[in-house]
Structures are given as C-alpha cells and as structure tokens.
Amino acid sequence: MWTRLTALTIAISLSFVGWIWARGTVPAFVGRYEDIRYLDEQGRQDGGFTFARLVYNGHIRGYYKNWYTDYPKGDRQLIGILSRLTGVDIASEERAIPVRHPDLFNYPFVYSVEGGQMSLEWSDARILREYLDRGGFWMIDDFWGPAEWSQFALAIEKVFPDRSIVDVPLAHPVFHSFYDIDEIVQVPNIGYAYCHVNCSTVEQGGDRPSVRGIFDDQNNLRVLINFNTDLMDAAEWADDPRYPHRFSDYSYRSFSNAVIYSLTH
C-alpha cells in the first residue's frame, strides 16, 4: 500500500522527470539569476499575451523547490488550455524572465512558484515595486506552511513595506472575471494521485488553503498569492488519468481568471 511519504517521494521524482521530458536534457538550473544562460531564446514573440515565469534567487542552491518547479511542462500545458478556454490571443511559447532583466516590463503578468524559497535583495525589491506600481500583475503559487510563509513574508515586505497582505474575498472580481469560483480548493501535488493510504492534500502543515493579495491605491489587485495549494502541479499533470480532474479543473479556472483580471485591471 502506498502511503503519503511514498506519494511525496514520487511527486519529487516526477517533477524532476517532467523537467527532463520537456527539455530533453539533464537540468543545469541552480536557482539563481544566471539560470537564464541555460534557457532557449527568451525574446519577445507574436501574440497578445505571454505567460511569463519569474526567475529569482533561491535560498538553497540547487534545491528541488525553486523558481523552476514544474517548469516548463506545467507552463506549456497551461498555455494550451488557456488559449482554448479563454479565447485570449496567447503566445505559443512560455517565457522565464529574471527579476533584473530589462524585458520584465514587457510582460504585464508574471507567475512565481515556491514563494517560500524566494530571496530578494533590496535592488530586486525596488524593481518589482516599480513593475507593480506601473500596472504589472504578479501571481504566486505553491508554497506551504508557516515556515515558508515566514520566508515569503520577509521577501515581500521589501517590495511593499507600506502595504499589508490581506485575504481576497470570494466576491472579488478575480474570482469571477471569467469563471465563477465560489470556494477555495486545496490543490495537491502529483503524489496525491499515487497515494492509497492516509491520503491528504496537506503539505508541511499547511492545512488551510487561502488566496491573499496586495492592492494598489486604486484598490486594484496587484499581487495574487495562492498559499497552501499547488495550482501549477494540477496544470502540469492534468493529462495523467490518475490525477483527479476536480483539482485540474479548479487550477485552470483560477489561472484563467487571473489572466483575464490582469488584462482588464
């Protein structure tokens, strides 16, 4: 019988295998800005919207939890389904852009994974603050429990020392900009699909999923924080018949709403 520990081991292994499957090579990423050297050309492309992932410096060099978790397979699967579901003119390729790269300001939407691993210098924080003050939208996903929240809070406070992180109410337009979402769902990683005994969606003590945010002076949501949930894993493994459809469905609806909201506010 497969337990939660076995499922977690499988989840880590499959994330690694998914990276190799998508890239066709052994990953050289270490969780630093210089990882961009190992990426394909990241220039601008045709299409009205590009799904861009933020490259950041991680606390632990080479750790499996970093900016590259679920990359690029999750991003590619997500692009395909968003294009079909929303009708938005979406560029066919994903992009990964370091915080310090001048092209950051070409992308009105950026996505980050593993917020608890993110380490920001003050210069990074100033860049992100300018990006967001100029109308950029930042979606953050897949970090869990009090320890990772504390690390994330230290980083985000550098960006917004003058603003608070608050719960986003279900009545907010980000939950209804394309699909109506009336319940916040805790989305587990791929290990859940392989677990048969004592299965749980919880990781690292993060038992209550939440959607939090930071708002600007016009009360527009600028930072969307998905805590104690793993939306991108649900996108990456949606084609695995063992992964429950209800989680992938919630993930796609959440991403669709976030993209539409970012383009209209």
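Every read-out reported here was derived from the displayed coordinates using simple, explicitly stated rules and does not represent laboratory data. Keep in mind that this is a model prediction, so the values were computed, not measured. In this analysis, Cβ positions are derived from the backbone assuming ideal geometry, glycine residues included, and neighbour counts consider all displayed protein chains.
If packing is taken as the average count of other Cβ atoms within 10 Å, what order do 215-222, 68-75 fall into, highest mean first?
Listed from highest to lowest mean packing, they are 68-75, 215-222.
Is it possible to state the helix-based mean residue ellipticity at 222 nm for the chain, with each DSSP H run of 4+ residues giving -39500 (n - 2.57), the sum divided by total residues, to the nearest 500 deg cm²/dmol? What is it?
-10500 deg cm²/dmol
Hey, for a label at SER164 modelled as a point 7 Å past Cα toward Cβ, could you say which residues of region 202-244 have their backbone N under 13 Å away?
213-215
Enumerate the amide H contacts of ALA96 below 5 Å, restricted to partners 5 or more residues apart or on another chain; note that Pro and chain-start residues carry no placed amide H.
ARG53
Using +1 on the beta carbon of Lys and Arg, -1 on that of Asp and Glu, and nothing else charged, what's the dipole of region 4-264 about the Cα centre, debye to 20? List each step's numbers first, then the result.
Details: 24 positive and 35 negative charges, 71 e Å.
Roughly 340 debye for region 4-264.
If you work out Kirkwood radius over Cα pairs in Å from the coordinates, which of [x] 18.5; [y] 21.5; [z] 19.2 do you get?
[x]
Span-like helices, the chain: DSSP H, alpha-carbon axial extent 15 Å or more, mean Kyte-Doolittle 0.5 or greater, which ones? Mind showing how you got there, number by number?
Details: long enough: 4-23 (29 Å, 1.16); 73-86 (19 Å, -0.13); 122-133 (16 Å, -0.72); 145-159 (21 Å, 0.17); 245-264 (28 Å, -0.40).
Those that pass (Cα extent of 15 Å or more, hydropathy at least 0.5) are 4-23.
Two decimals is fine: what is log10 I(q)/I(0) at q = 0.13 Å⁻¹ for region 106-220, from a Debye sum with one equal scatterer on every Cα and no solvent?
-0.60
Sticking with the crude label model, points 7 Å out along Cα→Cβ, report the distance from ARG126 to HIS59 in nm, one decimal please.
2.6 nm
Suppose each label sits 7 Å from its Cα in the direction of the beta carbon; what would the HIS265-ASP216 distance come out to in nanometres?
Here the answer is 1.2 nm between the modelled labels.
Among 186-199, 223-236, what's the highest-first ranking by average C-beta atoms within 10 angstrom per residue?
223-236, 186-199
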